[in-house]
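The structure appears right after this line, and notes come after that.
The values are calculated or read from the model by the stated rules, or taken from the named source; none is laboratory data. The model shown is predicted, which means the values in this text are computed figures rather than measured ones. Here the Cβ positions follow ideal geometry from the backbone for every residue, glycine too, while neighbour counts run over all protein chains shown.
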Amino acid sequence: MSVNIPGIISVIGFYLVVLVIGICAGRKTARSSQVEGIFLADRNLGLIVSFFTLTATMVGGAFINGTAEIMASQGFLWTQAPIGYCVALFIGGMVYGPKMRRAGYVTMFDPFQEKYGLRVGAILCISQFLGDLFWTAAVLSALGSTIAIIVDWDQTMSVIVSACVAISYTVLGGLWSVAYTDVVQLLCIALGLFLAFPFALEHPAVDLSRIEDTWVGHLETKQIGVFIDIYGLLMMGGIPWQVYYQRILACKTPFRAKISSMVAAVFCLVFAIPPSIMGLAASAADWNQTSYEGPGYIPKDQMGFVLPLTLQYLCPPAVSIIGLGAVSAAVMSSADSSILATASVFTNNVYRNVFRQKASDRELIWILRISTIVAGTLSTVIAVTVKSVYGLYVLCSDLMYVILFPQFTCVLFVKITNTYGGIFGFALAFVLRVFSGEPLIGLPTFIKFPFYDENEGQLFPFRTFIMACSFLSTVLVSILLKYIFKRKWIPDRYDVFGCFTTESEDGVEEENKRILPGMRPMEKATRKQSDGALPEPETIPLKETT
C-alpha cells in the first residue's frame with residue numbers, strides 16, 4: 001500500500017489547528033502569576049466548556065476503539081464501558097464532585113494528605129502516576145496503529161508527533177489549553193464518527209442477517225462473576241481519577257460541576273452509538289468483498305483495530321480520512337488530560353506538599369511544566385517500546401479500583417478512618433490484587449478464588465471482593481487503633497503518625513487535623529452556596545502569594 005498523501009496532509013493540518021488553538025487558549029494562563037491558573041484554569045470554567053472538556057476526556061481513544069472492538073467480538077451485553085462510565089459520571093456528579101469542589105481542593109489527593117499526612121498521602125499517588133502513564137501510552141500506541149492502517153505512515157513517527165503536539169500546548173497553557181482544545185476535539189469526534197458509521201453500515205459487504213443471532217452477545221452462568229466485576233471496575237473504579245477532578249475543581253461553582261458531570265454522562269452514551277454500529281458492521285461484513293488482505297473475517301489478533309479497519313475498508317477514502325481525524329482527536333483529548341493530571345499531582349502533592357512547602361508560584365509553574373514534559377516523554381517511550389502497554393494499563397486500572405476507590409471514599413465520607421487504617425487497607429488490597437494474577441502481563445496466580453478455572457482464570461468477582469476487603473479493613477483497623485490509643489494500651493509516644501491527641505484545647509478528645517501548606521480552617525458560612533448547600537467544616541486551600 002502506498003503512502004496516503006491526502007491523509008497525511010489532513011492529519012498534519014488537524015494537528016496544526018489543535019496546536020494553534022491550544023497556544024491561543026494558553027494566553028489566559030500567561031496573564032496569571034499563580035500556579036492555580038495552570039492547575040485549574042483559575043477555577044473559572046463555564047458550564048459549556050466544562051461539559052465539553054469532561055465529555056472529551058471520557059470519550060477518548062480507548063473509549064471509541066474499545067467500544068467498536070467489544071461490540072464486534074463479544075456483542076452488546078459485553079459492551080459495558082459506555083454504561084459503566086455513564087454511571088460513574090452520575091455518581092461523581094451527585095456525590096463526590098460537589099463535595100470536592102466545595103472544599104476547594106487543588107487535586108483529588110489533597111483530602112488524602114489532609115487525612116493521612118503528607119508523606120503517606122503522597123505514596124497513594126503512585127497508582128495514579130502509573131495509571132495515567134500507561135493510559136497515555138496505550139492511547140498513543142492505538143493512534144499510531146490507526147494512522148499506520150489508514151494512511152500507511154510510520155507508527156513510531158505518528159506516536160512521537162502526536163505526543164509532541166499534545167505536550168506543547170499543555171506545557172504552554174495548562175488546563176486552559178487542554179479545555180479549549182477538548183472543545184475542538186469533541187466536535188471532530190462527533191463529525192468524524194457520525195459521518196462514517198452510515199457508510200460502513202451501507203457497504204455492500206455488510207449483511208446484518210449474518211449476526212442477527214449473535215449481536216446481542218451471550219452470558220454464560222460461569223461468566224456472571226466476571227460480568228459483575230467489570231461493571232464494578234468501570235462504575236466505581238472510574239470515579240477516583242485526577243483527570244476527572246481536575247475539571248470538576250476548575251468549575252466556577254459546585255452546582256456547575258454537578259450539572260457538567262451529569263450532562264457528560266448522557267453524552268458518553270450518545271458518543272458510544274457510532275463506534276458500536278461500526279463494530280456491528282465489521283462483524284457482519286464479508287471482508288473478502290473488500291480490499292482487505294486476509295480471511296473473510298477479522299482475526300482475533302486484529303480485533304483491537306476494528307475501528308480503523310472499518311474506516312479504511314468499509315468507508316470511502318474521504319470519509320475514512322475524516323474518521324481518522326475523529327480518532328486522532330479522541331486520542332489527543334485523552335493524552336493531554338492524563339499528562340497534565342500526572343504533572344499536577346506531582347507538583348502539588350509531592351513537590352510542594354512534601355519537599356518544598358514554601359515554594360513560590362513561579363517555581364511551581366516551572367516544576368509543573370517540567371513535569372508535563374517528563375510525563376509526556378515517559379508515556380511516549382512506553383508507547384513505542386513496550387509491547388504489553390494495554391496489559392499494564394489494565395493492572396493499573398485495577399489498582400485504582402481496589403486501592404484508591406475505597407480509600408477515596410473513606411477520606412471523604414468516613415470520619416473515623418485514620419492513617420493506620422489507610423496504610424493497612426492499601427497494603428492488603430495491593431497484595432491481594434498482585435497475588436490474584438494478571439495473564440495480560442504474565443503475572444502468575446497465587447490466590448485462586450472460588451470457581452477458578454485453569455483456562456479462563458478468575459471467574460469470581462475478585463476485584464470487587466478485594467475492594468470491599470480494603471474498605472472494611474481500613475475502617476475496622478482505624479477503629480481498633482483509636483480504641484487502643486484511647487484506652488492507653490499503647491503509649492502516645494508510639495503514635496508515629498500523630499493521628500491521636502489526648503485532649504483538644506477545649507477539653508474534647510479528638511484526632512489531629514492536618515493542614516496542608518497554604519491552607520487554613522474554613523470559616524463558618526454566612527450564605528448558601530450556589531447549589532443550595534452550606535459548605536462543610538473542612539479545610540480549603542488558599543492561593544499562595546509570592
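Numbers for the structure displayed
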quantity	calculated
Pairs with Cβ under 6 Å, 6+ apart, first in the range 106-132 and at positive phi, second surrounded by 21 or more Cβ atoms within 10 Å (Cβ to Cβ) and at pLDDT 85 or above	117/419
Scan of the range 350-386 for residues that are part of a helix (DSSP H, G or I), touching a residue at least 40 places away in the same chain (Cβ under 8 Å) and among the small types (Gly, Ala, Ser), ordered by number	375, 376, 379, 383
Any pair with Cβ under 7 angstrom, 6 or more apart, that starts in the range 471-499 at a residue that is closer than 25 Å to residue 403 by Cβ and without any contact (Cβ under 8 Å) to a residue 60 or more places away in the chain and ends at one that is of a type outside the set (A, V, I, L, M) and part of a helix (DSSP H, G or I)	473/424; 473/425; 477/420; 477/421; 477/424; 495/485
Hits in the range 261-306 (condition: in a loop (DSSP other than H, G, I, E, B), modelled with pLDDT under 90 and among the aliphatic types (A, V, I, L, M))	298
Residue check for residue 211: under 23 Å from residue 282 (Cβ atoms), β-branched (Val, Ile, Thr) and touching a Ser or Thr at 6+ places or on another chain (Cβ under 6 Å)	yes
Candidate set: the range 431-448, residues that are under 30 Å from residue 421 (Cα atoms) and in contact (Cβ under 8 Å) with a residue 40 or more places away in the chain; chosen: the one farthest from the chain's Cα centre (by Cα)	443
Any hit, the range 398-414, residues being in a loop (DSSP other than H, G, I, E, B) and at pLDDT 85 or above	yes
Breaking point among (1) surrounded by fewer than 16 Cβ atoms within 10 Å (Cβ to Cβ); (2) outside any helix (DSSP H, G or I); (3) touching a Phe, Trp or Tyr at 6+ places or on another chain (Cβ under 9 Å); (4) of a type in the set (A, V, I, L, M), for residue 440	(2)
Residue 136 within 17 Å of the chain's Cα centre (by Cα), assigned to a helix (DSSP H, G or I) and among the hydroxyl-bearing types (Ser, Thr, Tyr)	yes
Among the candidates 136, 170, 156, residue that is over 30 Å from residue 34 (Cβ atoms) and out of contact with any strand residue (DSSP E or B) (no Cβ under 9 Å at 6 or more places or on another chain)	156
Count of the range 172-187 residues which are surrounded by 23 or more Cβ atoms within 10 Å (Cβ to Cβ) and within 20 Å of the chain's Cα centre (by Cα)	11
Single residue of 77, 89 found to be crowded, with 24+ Cβ neighbours inside 10 Å, among the aliphatic types (A, V, I, L, M) and not in a loop (DSSP other than H, G, I, E, B)	89
Test: residue in the range 325-335 that is crowded, with 23+ Cβ neighbours inside 10 Å and modelled with pLDDT of 80 or more	yes
Those residues of the range 155-179 which are among the aromatic types (Phe, Trp, Tyr) and either out of contact with any helix residue (DSSP H, G or I) (no Cβ under 8 Å at 6 or more places or on another chain) or closer than 16 Å to residue 335 by Cβ (or both), in sequence order	169
Test result for residue 258, under 30 Å from residue 108 (Cα atoms), at pLDDT below 90 and under 27 Å from the mean Cα position of the chain (by Cα)	no
Residue match in the range 221-231 (condition: without any contact (Cβ under 8 Å) to a residue 60 or more places away in the chain, among the hydroxyl-bearing types (Ser, Thr, Tyr) and within 30 Å of residue 405 (Cβ to Cβ))	yes
Pairs where the first residue, in the range 404-418, is under 11 Å from residue 108 (Cβ atoms) and the second is at pLDDT below 95 and basic (Lys, Arg), C-beta under 8 Å, 6+ apart	411/115; 412/99
Whichever residue in the range 449-472 is crowded, with 19+ Cβ neighbours inside 10 Å and polar (S, T, N, Q) and, among such residues, is farthest from the chain's Cα centre (by Cα)	458
Candidates 192, 225, 237 - the one that is part of a helix (DSSP H, G or I) and closer than 30 Å to residue 97 by Cβ	192
Single residue of the range 150-164 satisfying the filter (buried (at least 21 other Cβ atoms within 10 Å of the Cβ) and modelled with pLDDT of 75 or more) that is farthest from residue 319 (Cα to Cα)	163
Among the candidates 310, 347, 342, residue that is part of a helix (DSSP H, G or I) and over 26 Å from residue 128 (Cβ atoms)	310
Failed item in (1) among the β-branched types (Val, Ile, Thr); (2) at pLDDT 90 or above; (3) surrounded by fewer than 24 Cβ atoms within 10 Å (Cβ to Cβ), with residue 248 passing the rest	(3)
